[in-house]
Amino acid sequence: MLIVDDDPGNLEVLGSLLHAHYQVLAARSGQRALLIASSEPKPDLILLDVLMPEMDGHAVIRRLKEKPETKDIPIIFVTALGSIKDEEMGLELGAVDYITKPYRPPIVLARVHTQLELKLARDLLKNQNMSLEAEVKRRMKDILLTQDVTINALAELAETRDPETGYHIRRTQEYIRVLAKYLQKNPKFSDFLTDTNIDLLVKSAPLHDIGKVGIPDHILLKPGKLTDEEWVIMKTHTRLGGEAIQRALQRADRSIDFLNIAQEIALGHHEKWDGSGYPDGKKGDEIPIPARLMALADVFDALISRRVYKSPMPAKKARAIIIDDRGKHFDPDIVDAFTVSFESFIAIADKYKEVG
C-alpha cells in the first residue's frame, strides 16, 4: 500500500503501524504519490493526507480518478480535518473511508483491513467476470462455427444433386452481400439491412435450394427441357425447402434469426415482383427482402453459368435481361443496385468461376 503525507513524523507513525502487516511505500508529496500509483505494481490501497503544500489530497484524488489505470485504487483520506463537511467532500471525490488524526492504531488497522478485503473481493469478481466473458465468447464462436459448417453441409448436400453448380453457393452469397451493402443507403431497405442482418443473409443464402433434395433425379438432372408435368414437380423445391426449415424452427421452439431468413429465401426466391412467380404468387413488397435479393442473384448466376441443357451466357447479355425484367421479375430498386454494382458482380464471378 501507499501512504502519502508531507509530514515525516506522520509517515513514520503510519509506516511503523502498518509495516508489520503489509508492504508499505511512502510519498511526501502529491506528485510523488501520482508517480508511484501509476507504476507497477500498483498499490492495493492509498492512505492520503488532505492538507499538503503544492498539491493537496483533493487534487491528488481527482488526478487518480481521471486515469483508467489508477481510478479503481481505493483511497482512504487521513487528516486532522474532522468536520462532517470535510468528510462528505472526501467521499464525494471518491474516497472509500476517512480517518482522522491523531491515529488510533486499532481503528486504522481495522479500516485498512476492511478496504483491502473489499479490494480483493472486487478483483476476484472482476477476474471471474473476465473469465466468464472469455468462455462465453469461446462458446459463441463454437456455436457460430457449428452453424456455418451445418449450413454449408446441408447446402452442399443439395448441390450434389446438381453437380454442375459447384461455386454457385459462394457466388450467390457474395452477390447478395454486394446488393445488400448498396441498399443500406436506401430508406426502403435500411431498417432491415443492418450489418447484423446482412451477415445473416449471407449465412442463410446457401440454403436457398435445399428443397432440391426432394426432387427426383430424372427431373433435376434432365439435360433437356422439362415437360409441363415435370416442371410442376420441379417448382415444388421452394415449398419443400421452406417447409423443411419451418419444421426445424418449430422443433427449436424459438425464433432463430438466420433460419427465419433462410426460410424466407428458400420459399420465396422464385416469386416475381409482378406476382407471376411461385409458389404463392406474391408480388411487390409482399415478397420478403431476402427472397427478392436472392431472386436476382440466383437468376444472374444461372444465366452466366454452364448447365447440362445450355451454354453460359455473356455477363453483359445477362445484365440486359435483368434490366429488361425490372419491375416485372425483379424489385426495381434491387435492379438499380445491381446495375450500379455490375463490375463487382463480374469480379465475383471471375473469382469463383467454375474449373474445367
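Can you name every one of the helices (runs of 4 or more DSSP H) wholly within segment 7-73 that holds 1 or more residues which are over 27 Å from Lys85 (Cα atoms)? It would help to see each step written out before you state the result.
Working: elements: 8-19, 30-38, 57-66.
Correct list: 8-19, 30-38.
Do we find that Pro102 is surrounded by fewer than 16 Cβ atoms within 10 Å (Cβ to Cβ) and assigned to a loop (DSSP other than H, G, I, E, B) in this structure? Criteria met by Pro102.
Look at Val108 and say whether it is of a type outside the set (D, E, K, R), crowded, with 18+ Cβ neighbours inside 10 Å, within 21 Å of Pro8 (Cβ to Cβ) and without any contact (Cβ under 8 Å) to a residue 24 or more places away in the chain.
no
Considering each of Ala291, Ala347, Ala302, Ala295 in turn, give the residue that is in contact with a helix residue (DSSP H, G or I) (Cβ under 6 Å, 6 or more places away or on another chain) and closer than 16 Å to Gln173 by Cβ. Steps first, please.
Values: Ala347 fails: in contact with a helix residue (DSSP H, G or I) (Cβ under 6 Å, 6 or more places away or on another chain); Ala302 fails: in contact with a helix residue (DSSP H, G or I) (Cβ under 6 Å, 6 or more places away or on another chain); Ala295 fails: in contact with a helix residue (DSSP H, G or I) (Cβ under 6 Å, 6 or more places away or on another chain).
Criteria check complete, one pass: Ala291.
If a residue must be part of a helix (DSSP H, G or I) and loosely packed, with under 15 Cβ neighbours inside 10 Å, how many such residues does segment 200-224 contain? So the answer is 2. Listed by first and then second residue, the pairs linking a residue in segment 247-261 that is closer than 21 Å to Ile198 by Cβ to a residue that is crowded, with 17+ Cβ neighbours inside 10 Å and polar (S, T, N, Q), with Cβ atoms under 6 Å apart and 6 or more places separating them unless they lie on different chains, are Phe258/Ser204; Ile261/Ser204. At least 2 residues being assigned by TED's automatic domain parsing to the domain that holds Asn186 and in contact with a strand residue (DSSP E or B) (Cβ under 8 Å, 6 or more places away or on another chain) is the threshold, and among the helices (runs of 4 or more DSSP H) wholly inside segment 242-338 those reaching it are 289-304. Condition first: within 19 Å of Ile265 (Cα to Cα) and either buried (at least 19 other Cβ atoms within 10 Å of the Cβ) or touching a helix residue (DSSP H, G or I) at 6+ places or on another chain (Cβ under 9 Å) (or both). Can you find one or more residues in segment 225-232 that meet it? Checking segment 225-232: not a single residue is within 19 Å of Ile265 (Cα to Cα) and either buried (at least 19 other Cβ atoms within 10 Å of the Cβ) or touching a helix residue (DSSP H, G or I) at 6+ places or on another chain (Cβ under 9 Å) (or both).
Leu81 fulfils the conditions (1) surrounded by fewer than 16 Cβ atoms within 10 Å (Cβ to Cβ); (2) aliphatic (A, V, I, L, M); (3) modelled with pLDDT under 90; (4) out of contact with any strand residue (DSSP E or B) (no Cβ under 7 Å at 6 or more places or on another chain) except for a single criterion, (1). When Thr165 is tested against (1) of a type in the set (Ser, Thr, Tyr); (2) part of a helix (DSSP H, G or I); (3) at pLDDT below 85; (4) surrounded by 17 or more Cβ atoms within 10 Å (Cβ to Cβ), just one condition goes unmet, and that condition is (2). Under the condition of being surrounded by 14 or more Cβ atoms within 10 Å (Cβ to Cβ), touching a residue at least 40 places away in the same chain (Cβ under 8 Å) and farther than 18 Å from Leu259 by Cβ, the residues counted in segment 181-199 number 4.
The values are calculated or read from the model by the stated rules, or taken from the named source; none is laboratory data. Being a predicted model, the structure only gives us computed values, none of them experimental. A quick note on method: Cβ atoms are made from the backbone with ideal geometry, for glycine too, and the neighbour counts reach across all protein chains shown.
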